[in-house]
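Data first, discussion second: the structure below is written as structure tokens.
Laboratory data are not the source of any read-out in this text; all were calculated from the coordinates shown. Since we're looking at a predicted model, the values are computed, not measured. In this analysis, Cβ positions are derived from the backbone assuming ideal geometry, glycine residues included, and neighbour counts consider all displayed protein chains.
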Amino acid sequence: MEARDSELEKELNATLQARSELGPEYESALIDSFLEKVDRRLDETLDRRVRRHLAEQQITIARGARAPQEPLANFGERFGFGIVSLVLAIPLSAIGVANAGIEGLAVAWLGIVGVNVAQVVRSRSLFRRSEERAKSDWEN
């Protein structure tokens, strides 16, 4: 990876030197050219990593083992839903207590828990369906 970093460093130095020789009127063109090279380098690295990951998965499946499951699948969605639930719990709790006392608070929190349980059930069923779909794709 250091060889690639030194190549980018050389490109950057060349771009800066060209800018000092050509002047500020060519600055945006030089920057665009350098960024295109960086973008190309990132795309190549990403493509190589994706191909390697897919090859590892295919080898694992070909050997008869289950495909590795991503432990953080849908983590962002679950985390975001939990945060939104907690943020909305504050005003819902206040409204429940103001209108119906402790019973209102209990109803508000039962509703919050119910919505979160429904989200968990939904996400697990979607995960199972996608897993079944992936298995049938490999069997064909």
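Please work out the Kirkwood hydrodynamic radius for the stretch 15-68, using every pair of different C-alpha atoms, and report it in angstroms with one decimal place. Kindly include the intermediate steps, with their values, before the conclusion.
On the way: mean 1/r = 0.0711 Å⁻¹.
Roughly 14.1 Å, rounded to one decimal.
Residue 43 to residue 110: FRET efficiency via 1/(1 + (r/R0)^6), r the Cβ-Cβ distance, R0 41 Å, to the nearest 0.05?
On the way: r = 50 Å, r/R0 = 1.22.
The pair residue 43/residue 110 has a calculated efficiency of 0.25.
Could you give the length gained on full extension between residue 98 and residue 27, defined as 0.36 nm per residue of separation minus the Cα-Cα distance, in nm?
19.3 nm
Quick one: what are the phi-derived ³J(HN,Hα) couplings along the stretch 98-104, Karplus 6.51/-1.76/1.60 with θ = phi - 60°, whole Hz, x for glycine and proline?
For the stretch 98-104, the Karplus curve yields 5, 8, 9, x, 5, 5, x Hz.
At 7 Å along the Cα-to-beta-carbon direction for both residue 83 and residue 117, put a label point, then send me their distance in nm to one decimal.
If labels sit at residue 83 and residue 117, their model points lie 2.6 nm apart.
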